[in-house]
Amino acid sequence: MQANVKISQVGIYQVVISQVTWREAEEQLRRIRTPVFIEEQNVAEDFEWDEIDTTAVHLLATCNSNAIACLRIIDYQKIGRMAVLKAWRGKGVGHAMLVEAIKICKKHGSKCIKLSAQTHAIGFYQQAGFKVVSDEYCDVHIPHVDMQLEL
């Protein structure tokens, strides 16, 4: 499944969002999540890479064949590991990924989508309709809240 999203910043970028498996795109997914989670946020490698990756549905955003963003969908009910490379943040790539993930979950019959949001990203998810459903807690030393979107 692919969806094209045009994103304007300095000029116009053609971003392709593809639904992939871990087996198909492990290298590209690691090239995004390593700098975002392991290097920028100091998440331990043994936490970042888990067995869920092999069974989850992954979305991969590319521009000119370069991997720029990703996320994973677990059982068409939970979104996780959303990462956008620093150079692409604030350009609409994350929003396009989230919209596509919601469409996929809806298509597979989900009535509610959950995610664990870093507190600095609450507003980003609220813009897509997600609501905070928990108190703040720490996960891998980063403040989070649980959020959900009723479909």
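The values are calculated or read from the model by the stated rules, or taken from the named source; none is laboratory data. Small disclaimer: the values here were computed from a predicted structure and weren't measured. When we count neighbours, we look across all protein chains shown, and the Cβ atoms used for this are built from the backbone with ideal geometry, even at glycine. We work out accessible area using only protein heavy atoms, side chains counted, and drop any ligands, DNA or RNA first. Shrake-Rupley method; radii C 1.70, N 1.55, O 1.52, S 1.80 Å.
Charges only on Cβ, +1 for Lys and Arg, -1 for Asp and Glu: so what's the dipole of segment 61-151 about the Cα centre, in debye to the nearest 20?
Working: 12 positive and 7 negative charges, 81 e Å.
Dipole about the Cα centre, nearest 20: 380 debye.
With the contact rule set at Cα under 8 Å and sequence spacing of 6 or more, what percent relative contact order holds for segment 1-132?
Values: 190 pairs, mean separation 28.0, N = 132.
Relative contact order for segment 1-132 comes out at 21 percent.
How much of the accessible area of segment 51-102, probe 1.4 Å, is carbon plus sulfur, in whole percent?
Numbers: 1050 of 2150 Å².
Accessible surface attributable to carbon and sulfur in segment 51-102 totals 49 percent.
Quick one: net charge of ASP53's neighbours, Cβ under 9 Å, K/R +1, D/E -1?
-1
Kindly count the pairs of lysines across segment 36-151 whose alpha carbons are less than 27 Å apart, treating pairs on different chains or eight or more residues apart as eligible.
24
Between LYS114 and ARG89, what is the spin-label point distance in nm, taking each point 7 Å from the Cα along the Cα→C-beta axis?
2.7 nm
Within segment 39-58, list the residues whose amide N lies under 17 Å from a label point set 7 Å along Cα→Cβ of GLU26.
Within reach of a label on GLU26: 45-58.
In segment 38-144, which GluC sites (Glu not before Pro) are in a loop and have at most 13 other Cβ atoms within 10 Å, using DSSP for the loop call?
Details: sites: GLU39, GLU40, GLU45, GLU48, GLU51, GLU100, GLU136; in loops: GLU51, GLU136.
Listed in order of number, the matching sites are GLU51, GLU136.
So, for the chain, what is the accessible surface per residue at a probe of 1.4 Å, expressed in square angstrom?
On the way: 8260 Å² over 151 residues.
Roughly 55 Å² per residue, with all protein chains present.
For segment 9-151, report the translational diffusion coefficient in µm²/s to the nearest whole number, using Stokes-Einstein at 25 °C, 0.890 mPa s, and a Kirkwood Rh over Cα pairs.
On the way: Rh = 15.5 Å.
Stokes-Einstein gives a translational diffusion coefficient of 159 µm²/s.
Starting from the 7 Å offset along Cα-to-Cβ, what nm value, one decimal, do you get for the label separation of ILE74 and VAL99?
With each label placed 7 Å out from Cα toward Cβ, I get 2.7 nm.
What would the Debye formula give as log10 I(q)/I(0) at q = 0.25, 0.26, 0.29 Å⁻¹ for the alpha-carbon point model of segment 58-103, no solvent?
Values returned for q = 0.25, 0.26, 0.29 Å⁻¹ are -0.87, -0.93, -1.10.
Report the calculated FRET efficiency for THR54 and LYS107 (r = Cβ-Cβ distance, R0 = 30 Å), to the nearest 0.05. List each step's numbers first, then the result.
Numbers: r = 22 Å, r/R0 = 0.73.
So the FRET efficiency works out to roughly 0.85.
Using a 7 Å offset from the Cα along the Cα-to-Cβ direction at both LEU151 and ASN64, what is the distance between the two label points in nm, to one decimal?
3.5 nm
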